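What follows is one structure encoded as structure tokens, with my remarks underneath.
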Amino acid sequence: MEHLDILKGVILPYANFIIFFVVLIYIARKPIAGMVTKRRDAFLALVRQSREAKDLAESKNRELTARLAKLDQEIADIRNFTREAAERDAARIVEDANRLAGHLKEEAKRLADAEIERARQAIREEIVAAVKETVTERVKTGFERDSHLKLVQTRISDLKTLRAEGRP
């Protein structure tokens, strides 16, 4: 009986457990295998994605390192370009200013010449008016006919000389 107690108390529960465990493995084997396969595939996919990301990051790192090495040269090129552009702009501005100054000088000379010509014309008109008035006064005051004729001929000759010289 004692054998029976040991059998019932110790071996039978373990035997039940082993039978339960074997049945459980038999029934759950396919779903567990599928789940493990899916987990393994997902893990492998993540590993593959991480390798691709790592490769991409390394290539970007190499590219950026190369660009960083060339950055000093690019900065120097940009500085040279901007300096040359500024020099060209400055030369163009100076050229435009010189051209404008020349134009302003020509315009001022032309205006001054026109003003001088107007002044000369006004002086000529004043002189002619003064001579005319003087001649008229002398004629009124009693010149004799011969002196009057001589004076008119002299003035006509003076006017012809002025016209021949280019003065109106």
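No lab work stands behind these numbers, since they all come straight from the coordinates. Just so it is clear, the model here is predicted, and its values are computed rather than measured. Virtual Cβ from ideal backbone geometry, glycine too; neighbours counted across all protein chains shown.
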Among I18, V94, L56 the positive-end extreme of the charge dipole of the chain (Cβ point charges) = I18
note = One checks the Cα atoms of segment 1-133 and finds Rg and Dmax, in Å, of 53.0, 178
task = Could you work out the mean projected area of the convex hull around the alpha carbons of segment 67-114, in square nanometres to one decimal?
result = 3.0 nm²
inquiry  = Assuming a strict under-29 Å limit between Cα atoms, what lysine pair count do you get for the chain once near-sequence pairs (fewer than 8 apart, same chain) are dropped?
reply    = 10
key: On Cα atoms only, tilt of 145-164 relative to the major axis of the chain in degrees   = 20 degrees
